[in-house]
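Working notes, beginning with the structure itself.
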Ligand code: HEC
């Protein structure tokens with residue numbers, strides 16, 4: 001377990017201290033996520049359920065494990081995290097049917113191991129990397145994933161100055177949530 005913490009610390013903090021990581025030649029923005037901050041991780045889990053689980057699953061993670069590790073009482077699980085007909089011991093599925101590829105041109109990938117595959121900074125940068133592009137089906141494109149098939153689901157946070165810091169914070173907490181899942185899956 002200690003090894004996992006060391007590894008994830010490296011993943012979380014190395015980008016700022018060594019050379020800035022890049023994706024497609026564009027520097028990643030450091031997420032500044034703190035996986036020891038339980039409140040932030042709880043917000044991340046809720047934000048994930050609100051904004052991402054409609055399309056993305058976390059198939060290596062069970063709700064009750066998520067709740068136990070984030071200090072969320074089982075009694076609160078139903079109200080705050082379990083939005084579907086799932087049971088606490090189920091793994092986190094998305095609401096998306098398995099054949100939704102036709103809707104987006106691509107199947108939304110499972111995000112359990114995405115932090116290991118890409119990095120927490122990548123997740124954060126990706127969520128902040130959407131820009132208007134009228135030639136794309138959703139009217140947006142992404143700096144870090146050219147021709148991205150995903151809509152800009154956090155766009156609502158960007159509309160006003162007031163929302164901007166909350167937008168960054170929302171992106172940050174969600175970026176930490178799959179990071180935590182990676183740690184989870186390594187135990
Ligand atoms: C309406 C459906 C939808 C929602 C909601 C959604 N996504 Fe996606 N997402 C997609 C699709 C489709 C793809 C595949 C994009 C591609 O490969 O072009 C994707 C891809 C991704 C990827 C992979 C990027 C890569 O480099 O391959 C990440 C990471 C991701 N989404 C994160 C999120 C997060 C975090 C949220 C919540 C804030 C979210 N998504 C919400 C549809 C969605």
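Look at region 81-102 and say how many of its residues are within 19 Å of residue 41 (Cβ to Cβ) and modelled with pLDDT of 75 or more.
Just the residues of region 81-102 that are within 19 Å of residue 41 (Cβ to Cβ), to begin with: 81-83, 88, 91-92.
So of that shortlist, the ones also modelled with pLDDT of 75 or more come out as 81-82, 88, 91-92.
Residues meeting the conditions: 5.
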### Query
Which of the residues spanning region 36-57 are in a loop (DSSP other than H, G, I, E, B) and more than 10 Å from the chain's Cα centre (by Cα)?
36, 37, 54, 55, 57
### Query
If you go through region 34-54 one residue at a time, do you hit one that is surrounded by fewer than 16 Cβ atoms within 10 Å (Cβ to Cβ), in contact with a strand residue (DSSP E or B) (Cβ under 7 Å, 6 or more places away or on another chain) and at pLDDT below 85?
no
### Message
I'd like to verify a number: residues in region 103-128 that are more than 9 Å from the ligand (Cβ to nearest atom), part of a loop (DSSP other than H, G, I, E, B) and touching a residue at least 60 places away in the same chain (Cβ under 8 Å), how many?
### Response
3
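Just checking, does region 82-99 include any residue being within 19 Å of residue 175 (Cβ to Cβ), more than 10 Å from the ligand (Cβ to nearest atom), surrounded by fewer than 16 Cβ atoms within 10 Å (Cβ to Cβ) and over 15 Å from the mean Cα position of the chain (by Cα)?
As a first pass, look at region 82-99 and keep what is within 19 Å of residue 175 (Cβ to Cβ): 92, 94.
Now narrow it down to the ones that are more than 10 Å from the ligand (Cβ to nearest atom): 92.
Now narrow it down to the ones that are surrounded by fewer than 16 Cβ atoms within 10 Å (Cβ to Cβ): none.
Looking through region 82-99, none of the residues is within 19 Å of residue 175 (Cβ to Cβ), more than 10 Å from the ligand (Cβ to nearest atom), surrounded by fewer than 16 Cβ atoms within 10 Å (Cβ to Cβ) and over 15 Å from the mean Cα position of the chain (by Cα).
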### Query
With respect to the numbered conditions (1) at pLDDT 85 or above; (2) under 30 Å from residue 98 (Cβ atoms); (3) more than 17 Å from the chain's Cα centre (by Cα), which one is the sole condition not fulfilled by residue 27?
(2)
### Query
Can we say residue 77 is free of Cβ contacts under 8 Å to residues at least 40 places away in the same chain and surrounded by 15 or more Cβ atoms within 10 Å (Cβ to Cβ)?
yes
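Against the definition (closer than 12 Å to residue 176 by Cα and within 14 Å of the ligand (Cβ to nearest atom)), how does residue 48 come out, yes or no? Spell out the reasoning first.
Values: closer than 12 Å to residue 176 by Cα: yes; within 14 Å of the ligand (Cβ to nearest atom): yes.
So residue 48 passes the test.
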#### Entry: Only listed residue being loosely packed, with under 13 Cβ neighbours inside 10 Å and in contact with a helix residue (DSSP H, G or I) (Cβ under 7 Å, 6 or more places away or on another chain), chosen from 102, 71
71
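The values are calculated or read from the model by the stated rules, or taken from the named source; none is laboratory data. Note that this is a predicted model, so its numbers are computed, not measured. Every residue, glycine as well, gets a Cβ built from its backbone with ideal geometry; the counts of neighbours run over all protein chains shown.
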